[in-house]
Amino acid sequence: MKVLCLGGGPAGLYFAISMKLRDPSHQVTVLERNKANDTFGWGVVLSDDALGRMQKNDPKSTEAIRSNFAYWDDIATIHNGVRTVSGGHGFAGIGRKAMLVLLQERARELGVDLQFETEFKAAEEYRKEYDIVVGCDGINSVVRREYQAEFKPDIDVRKCKFIWLGTHQKFDDAFTFIFEKTKHGWVWAHVYQFDDKTATFIVETLPETWDKWGFETMSKEEIIETCRQIFAAHLGGHELMSNANHLRGSAVWMQFPRVICEKWYHENVVLMGDAAATGHFSIGSGSRLAFDSAIALAEYLHSEPTLERAFARYQDERRVEVLRLQSAARNSLEWFEEVERYLDMHPTQFAYSLLTRSQRISHENLRLRDPKWLASAEDWFQEQAGGEKGRRPMFAPFRLRDMTLKNRIVMSPMAQYKAVDGCPTDWHFTHYAERAKGGAALIYTEMTCVSDTGRITPGCPGLYKPEHEAAWKRLADFIHAETTAKLCIQIGHAGRKASTCVPWDGGIDKPLPSGNWEIIAASAIPYRPENQTPRAMTRADMDEVKAQFVASAQMADRAGVDMIEMHAAHGYLLATFISPVTNKREDDYGGSLENRMRYPLEVFEAIRAVWPAGKPMSVRISAHDWIDGGVTPTEALEIARMFRAAGADIIDVSSGQTDPAEKPVYGRMFQTPFSDRIRNEAGMPTMTVGNISDWDQVNGILMAGRADLVCLARMHLANPYWTLHAAVEQGDTAAEWPAPYKGGRDLLYRLRERQQETIRV
């Protein structure tokens with residue numbers, strides 16, 4: 001086989017090596033524009049698993065690379081003058097030039113034809129001469145550009161500015177992140193050793209800070225000197241250096257392009273490495289992706305019957321791993337893009353947030369890496385919360401006004417559709433009472449409607465009749481007498497989503513086959529074409545509904561409820577005012593966000609005026625409509641601030657369900673970033689919800705400061721005792737169990753001890 005690699009970086013060289021190892025008769029040529037010893041980076045990082053695959057593929061080159069590694073175990077975070085160190089991370093670094101030289105030597109040894117200082121012709125010309133042409137020419141790939149119509153690249157240039165520098169200050173004790181607050185804003189550095197005398201020193205900042213420093217008009221020398229001055233306290237008198245000799249002035253600064261290609265091959269041309277897909281440098285996976293892809297393609301070219309089959313398998317199987325790493329990389333780079341929202345955190349929490357930013361490292365994974373440091377961080381969390389040292393974050397207390405929660409676990413509102421004429425039944429009593437016994441600190445009712453016409457379905461509960469109040473009081477009295485949980489009632493009006501079927505008796509959001517009642521909303525827009533068209537609310541309607549919310553709140557107080565939440569999310573009545581998708585009004589209640597918020601704020605303020613001062617009040621919002629023209633996370637931040645100014649104690653952050661045309665992007669904890677943003681930019685407490693399923697995730701969310709309370713829905717449907725069981729699994733013996741159930745508790749602890757003994761043996 002006659003093979004041409006366009007690009008002599010890690011991907012091209014390692015693919016050439018991998019092909020010759022499998023069949024020495026292959027004619028493999030590598031073309032590279034630069035000189036053999038030119039490189040414009042400093043050090044690269046490789047993980048143990050990447051090295052394991054390389055060892056299996058080519059032990060000789062792997063051992064040569066290993067022999068030149070610099071190893072470190074710790075990550076140090078320097079923030080506000082405090083150096084926080086955690087261990088157990090296991091990094092290895094090597095100079096990029098040294099690695100390329102080793103790969104070049106190995107390639108020559110195997111008979112690869114290396115041609116440096118050679119400008120590429122069009123790949124279209126080469127592919128007539130060669131069986132395979134590999135475009136491995138980096139982030140700015142000319143091969144990818146040549147076949148743009150076939151590869152269909154999606155290139156997203158991210159906002160942070162960064163520059164790759166080096167220093168003889170070795171930083172040989174830890175991979176170090178340094179955050180410096182300058183006169184023009186925050187500037188930070190990613191620093192790691194890669195040989196016995198040199199470290200990579202990547203300086204990064206936001207465009208606004210970059211502009212204020214005037215880097216655009218500086219010479220390269222002035223830029224490097226300015227960076228040296230910013231980080232002088234950490235450099236020990238050493239200089240910063242650039243090896244980008246081909247660049248002048250501000251061109252030494254870069255912005256990271258996230259590259260995703262729809263297709264990785266065309267005819268006999270295939271992309272590899274950064275040409276096909278990029279991973280942000282902050283997770284150190286670029287070289288790993290290149291090596292893994294080189295191994296995979298070489299293997300498939302020898303295991304599959306045709307070139308087409310080999311390329312297709314390479315694309316399909318590598319894409320899964322690449323997308324996984326790109327997801328982690330996206331999380332990481334977005335953390336740095338938004339880092340200023342975290343810089344006021346305590347150094348311990350800031351370091352934790354940094355360590356877990358990509359979501360590849362979980363709370364318990366940190367415990368495996370450095371149990372001592374994590375225990376100290378957990379103790380800090382408990383101490384600042386007024387809790388007990390030695391317990392996990394989820395068991396820290398939390399206070400809202402006069403209400404103190406024993407832990408951070410909330411049972412989310414979940415519709416049961418079992419009410420009769422709006423009245424909760426024995427089903428509701430046993431459902432909520434059982435979960436109050438199960439350990440969650442705060443039990444939410446499902447959306448409880450303020451009027452009969454505000455119900456989603458005929459099976460939805462309400463709080464608009466004396467018998468409703470009595471039923472909810474019975475529940476509240478039981479919870480307060482028999483448990484230490486608190487009860488929150490969520491009140492709302494279904495708006496355009498009212499008068500629909502119980503899900504298992506007609507389908508979700510389907511109109512009733514008969515007996516439909518008139519529905520109202522901000523504008524006369526049906527939820528689906530088959531649903532009723534709501535009547536656009538008049539001022540009289542608005543006054544009536546506001547009075548209904550107030551009356552329900554007063555009933556809730558008399559029933560002894562500890563907290564109340566106003567539902568202003570998920571396309572229900574108040575949400576139809578907030579979202580521009582559902583609000584097409586031309587009066588004072590439509591148009592600008594200020595206008596769209598006018599009525600929801602009126603209702604909130606009216607409720608707050610009658611709700612006791614010592615009791616907290618929450619608002620549920622949809623922080624993202626997931627549809628063009630809808631509420632965005634940026635607008636949600638302003639929505640939260642408005643409710644905060646009106647007296648909201650905490651924001652219950654959800655998203656979606658505004659319109660059936662939505663296109664949400666699901667994933668684990670997929671809504672938590674919205675909570676994170678509101679909490680840390682608006683500076684107010686939040687609850688997060690959405691695809692959260694285990695206590696490891698809960699502890700991570702809390703410890704990183706992404707939310708103050710964590711809501712679990714389906715897990716509480718599956719297991720009313722989820723919180724108590726989570727305590728047992730974590731070895732927490734301080735969780736309160738109902739006295740009649742302590743025998744079961746003791747059994748679970750004994751079973752856990754036996755399991756631990758088995759693991760130790």
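Nothing in this text is a laboratory measurement; each read-out follows from the coordinates by a stated rule. Computed from a prediction, not measured in an experiment: that's the story for all the values here. Cβ: placed from backbone, ideal geometry, glycine included. Neighbour counts: every protein chain shown.
Could you tell me the largest-minus-smallest coordinate of the C-alpha atoms of the chain on each of the three principal axes, in descending order and whole angstroms?
Sorted largest first, the three principal extents are 88, 55, 55 Å.
What is the distance in Å between the Cα centroid of segment 94-117 and that of segment 1-80?
Taking the Cα centre of each part, segment 94-117 and segment 1-80 sit 9 Å apart.
Please work out the ratio of the alpha-carbon Rg of segment 213-277 to 2.2 N^0.38 Å and round it to two decimals.
Working: Rg = 18.0 Å, N = 65, 2.2 N^0.38 = 10.7 Å.
Cα Rg divided by the expected 2.2 N^0.38 Å: 1.68.
Is the shape of segment 579-670 rounded, prolate or oblate, going by the alpha carbon gyration tensor and its root eigenvalues a ≥ b ≥ c, with a/c under 1.5 for rounded and a/b larger than b/c for prolate? Numbers along the way, then the final one.
Numbers: a/c = 2.53, a/b = 1.32, b/c = 1.92.
Oblate shape, in that a/c is at least 1.5 and b/c is the bigger or equal ratio.
What ranking do Val143, Val545 get, fewest neighbouring Cβ atoms within 10 angstrom at the top?
Neighbour counts put them in this order, fewest first: Val545, Val143.
Averaging over every viewing direction, what projected area does the convex hull of the Cα atoms of segment 247-357 cover, in nm²? Walk me through the intermediate numbers first.
On the way: hull surface 37.1 nm².
If I average the Cα hull's projected area over directions, I get 9.3 nm².
What is the local net charge at Ala385, summed over the other residues whose Cβ is closer than 13 Å to its Cβ (Lys, Arg +1; Asp, Glu -1)?
Residues close to Ala385 contribute a combined charge of +1.
Could you list log10 I(q)/I(0) for segment 407-736 at q = 0.11, 0.16 Å⁻¹, which the Debye formula gives when each Cα is one point scatterer?
-0.65, -1.49
Where the centroid of each part is defined by its Cα atoms, how far is segment 687-705 from segment 349-387 in Å?
If you average the Cα positions of each part, the centres end up 13 Å apart.
Treat every Asp and Glu Cβ in the chain as -1 and every Lys and Arg Cβ as +1, leave all other atoms uncharged, and give the resulting dipole magnitude about the Cα centre to the nearest 20 debye. Mind dumping the intermediate values first?
Working: 90 positive and 102 negative charges, 176 e Å.
Around 840 debye, computed over the chain.
How would you rank Leu31, Leu637, Leu487, going from fewest to most other Cβ atoms within 10 Å of each one's own Cβ? Walk me through the intermediate numbers first.
Values: Leu31 21, Leu637 16, Leu487 25.
Result, fewest neighbours first: Leu637, Leu31, Leu487.
At 222 nm, what helix-only mean residue ellipticity would the chain give, in deg cm²/dmol to the nearest 500, using -39500 (n - 2.57) for each DSSP H run of four or more?
Values: 27 runs with 301 residues, N = 761.
Helices in the chain give a 222 nm mean residue ellipticity of -12000 deg cm²/dmol.
How much of the calculated P(r) for segment 2-337 lies past 25 Å, in percent of all Cα pairs? Each step should come with its number before you reach the end.
Values: 29281 of 56280 pairs.
Of all Cα-Cα distances in segment 2-337, 52 percent exceed 25 Å.
Hey, could you get me the Stokes-Einstein D for segment 354-422, Kirkwood radius over alpha-carbon pairs, 10 °C and 1.306 mPa s, rounded to whole µm² s⁻¹?
Working: Rh = 14.6 Å.
Here the translational diffusion coefficient equals 108 µm²/s.
Which residues make up the longest stretch of the chain that has no chymotrypsin sites (Phe, Trp or Tyr not before Pro) in a DSSP loop with at most 10 other Cβ atoms within 10 Å? Before the final figure, lay out the partial values.
Details: sites that count: Trp504, Tyr666.
Answer - 1-503.
Strictly over 25 Å apart at the Cα level, which of Lys473/Lys510; Lys35/Lys170; Lys473/Lys546; Lys510/Lys615 would you flag in this model?
On the way: Lys473/Lys510 32 Å; Lys35/Lys170 27 Å; Lys473/Lys546 23 Å; Lys510/Lys615 37 Å.
Too far apart for the 25 Å limit: Lys473/Lys510; Lys35/Lys170; Lys510/Lys615.
Output the antiparallel fraction of DSSP beta bridges having both residues in the chain, as a percent to the nearest 5.
Numbers: 50 of 102 bridges.
Taking every DSSP beta bridge within the chain, about 50 percent pair in antiparallel fashion.
Considering only DSSP beta bridges with both partners in segment 2-337, what is the antiparallel share in %, to the nearest 5?
70
Take the alpha carbon gyration tensor of segment 152-234, find the square roots of its eigenvalues, order them as a ≥ b ≥ c, and report rounded if a/c is under 1.5; if not, report prolate when a/b exceeds b/c, else oblate. Provide the component values of the computation, followed by the final result.
On the way: a/c = 1.82, a/b = 1.26, b/c = 1.45.
It comes out oblate by the Cα gyration axes.
Let me check the size of segment 475-617 from its C-alpha atoms; what are the radius of gyration and Dmax in Å?
According to the Cα coordinates of segment 475-617, Rg and Dmax are 16.8, 52 Å.
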